[in-house]
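Each remark here refers to the structure printed beneath this line.
The values are calculated or read from the model by the stated rules, or taken from the named source; none is laboratory data. Because the structure is predicted, anything quoted here is derived from the model rather than measured. FYI the Cβ positions are ideal-geometry reconstructions off the backbone, even for glycines, and counts take in every protein chain you see.
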Amino acid sequence: MEKGKNKSIIDLVWDLFASVKLAVVIFSLIAVTSMVGTVLEQDAEPERNIQVLVKMFGVGHETAHSIYSVFDSLGFMNMYHSWWFVTFLLLFAANLIVCSLDRLPRILKLVRENVRPLSLEHLEKMSIRKSFAIKGSASSIKDDVTSSINKIGFKPSKAAAENGLQFYAEKGNFTRLGVYITHLSILIILAGAIIGLKFGFNGTLNLPEGQTAPVAFKDKGTQVPLGFELRCDNFDVEYYGDSDMPKSYRSWLTILKDGREVLKKVISVNDPLTYEGITFYQSSYGSVGENMNNGIIVLRVISSDGRSNKVNTKIGGTFTIPGSSIEGHVSNFSPALSVDQSGRPFTYDAGLKNPAIHVELPNVGGKPYSGWIFKRYPQTWRLPDGSSVEFLDYWGVEYTGLQVRKDPGVWIVYLGCIIMAAGLYITFFMSHKRLWVNVADGKGAAKIVIGASANRNRAAFERDIEKLAGLLGEATKGENR
């Protein structure tokens, strides 16, 4: 008690951070706050999280708005960038460093301490022990003992012992450092995470077809310069069968640096684009409402004899059947066209789910033609005279929704994960094993005493000792007793 009272402030702080209890407390705080940060969408529009709180607490919109205000004031809406969460990470790192430094000298002493011969009395008291006798003398079977120990993976040293010889060996002394390798990996991962939080960002970008953006957006509209420009050349959605459920969606993107095109890539949900440390993930899409009637209609017009021509036109525009003077007219457009039971067409959605154009031609097979051509249904492209008008795209009316992420610490995190895997393997699947084999001359036989220890995986080492005893008996053709 008196010794504790005489400790300095530095000693008391050191003891506090060397405490495993403090590690449990800090880790629990990180875990609990991370659960909240997982439930509440980070950097999202307030209304989205208010709806989450309404469902979570079963309260009205006004009460949920008040709860949201409390959480927002505490930093939970951008939790991973808040000062207190970063403080938790730094405290956890400090605790881990001090705990490791406090216990490391004792472990290093065990690692550096070479195995030495032990007295017979000491071997008799070891937790892993086996004794038996075999025919022969200590000097006559020494080579057999050495060979048998080699076969179970040890390289023994030899020393004179009372009435005979003692063989001793060890392996895996470095495995005691496995837990510290794991600690180091955690610190590396934390460093990578903090670097990512400090110098990286998560943002969004809704980029219409044909447009270019030099910035992304985060934190409720804050602009983040990219250092280059990103252009959306095209966007396309593929649906499941006749349904309006999207199967996949892709964006054709181009990176421009100093006015030059430096990279092109088609991205999809699980195939992002990365340039200069910034990654663009396909996350959503939508229609640019004000441009819905101003898009470019992309057609491929094929005559009945196979001649084709690609045409870009607009609503109210025209096209010509190749090899003829027949001129068609695009008289109408619908972003999502369907037909009711009476056969009348109607638009059922404002989004570009089932686009269709109405075309009129003065002479198709000897008579005028008018009808709807659907982009998703090629069977509507065929005209009565064998020619066809393929509706390929309605361009310039959709945007691709991109998640934009820059994380300069991600490779540090990956390195930490690799080191952690190595540390965990060493910690749980390897052990520091020590072995002694004492061979003493007796009356007509040599008495063998095997002693061994392992700091973990003792059962596996006991099987090795059984194997060693069997090898010794077989090599010397003796009899156990």
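Could you check how many residues of region 240-270 are farther than 30 Å from S338 by Cβ, under 28 Å from the mean Cα position of the chain (by Cα) and at pLDDT below 95?
Final tally of qualifying residues: 1.
So in region 74-100, with the set limited to residues that are of a type outside the set (A, V, I, L, M, F, W, C) and assigned to a helix (DSSP H, G or I), which one is nearest to W14 (Cα to Cα)?
N95
Have a look at S334, S325 and point out the one that is in the same structural domain as F391 (by TED's automatic domain parsing), more than 13 Å from S370 (Cα to Cα), crowded, with 16+ Cβ neighbours inside 10 Å and among the hydroxyl-bearing types (S, T, Y).
That would be S334, the only listed residue that is in the same structural domain as F391 (by TED's automatic domain parsing), more than 13 Å from S370 (Cα to Cα), crowded, with 16+ Cβ neighbours inside 10 Å and among the hydroxyl-bearing types (S, T, Y).
Across region 152-167, what is the number of residues that are loosely packed, with under 12 Cβ neighbours inside 10 Å and either among the basic types (K, R) or at positive phi (or both)?
Residues in region 152-167 being loosely packed, with under 12 Cβ neighbours inside 10 Å and either among the basic types (K, R) or at positive phi (or both): 1 in total.
A quick yes/no check of all residues on (1) of a type in the set (A, V, I, L, M, F, W, C); (2) under 30 Å from M245 (Cβ atoms); (3) in a strand (DSSP E or B); (4) touching a Lys or Arg at 6+ places or on another chain (Cβ under 7 Å):
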{"residue": "F319", "(1), (2), (3), (4)": "yes, no, yes, no"}
{"residue": "S324", "(1), (2), (3), (4)": "no, no, no, no"}
{"residue": "H329", "(1), (2), (3), (4)": "no, no, yes, no"}
{"residue": "N332", "(1), (2), (3), (4)": "no, yes, yes, no"}
{"residue": "F346", "(1), (2), (3), (4)": "yes, yes, yes, no"}
{"residue": "D349", "(1), (2), (3), (4)": "no, yes, no, no"}
{"residue": "L352", "(1), (2), (3), (4)": "yes, yes, no, no"}
{"residue": "L361", "(1), (2), (3), (4)": "yes, no, yes, no"}
{"residue": "P368", "(1), (2), (3), (4)": "no, no, yes, no"}
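Working only within region 131-162, note down all residues that are in a strand (DSSP E or B) and within 15 Å of G473 (Cβ to Cβ).
S131, F132, A133, I134, K135
How many of the residues in region 444-468 are of a type outside the set (A, V, I, L, M, F, W, C) and in contact with a Ser or Thr (Cβ under 6 Å, 6 or more places away or on another chain)?
Residues flagged as of a type outside the set (A, V, I, L, M, F, W, C) and in contact with a Ser or Thr (Cβ under 6 Å, 6 or more places away or on another chain) within region 444-468 amount to 3.
Residues are listed down the side, and each one gets a yes or a no for (1) in a strand (DSSP E or B); (2) touching an Asp or Glu at 6+ places or on another chain (Cβ under 6 Å); (3) not assigned by TED's automatic domain parsing to the domain that holds E45:
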residue	(1), (2), (3)
N206	yes, no, yes
V224	yes, no, yes
V237	yes, no, yes
G241	no, no, yes
D244	no, no, yes
R250	yes, yes, yes
Y281	yes, no, yes
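Conditions first: (1) surrounded by 14 or more Cβ atoms within 10 Å (Cβ to Cβ); (2) free of Cβ contacts under 8 Å to residues at least 24 places away in the same chain; (3) over 26 Å from the mean Cα position of the chain (by Cα). G221 passes all but one, so which condition is the exception?
For G221, the exception is condition (1).
I'd like to verify a number: residues in region 130-151 that are among the charged types (D, E, K, R) and surrounded by fewer than 16 Cβ atoms within 10 Å (Cβ to Cβ), how many?
Summing the residues that are among the charged types (D, E, K, R) and surrounded by fewer than 16 Cβ atoms within 10 Å (Cβ to Cβ) in region 130-151 gives 3.
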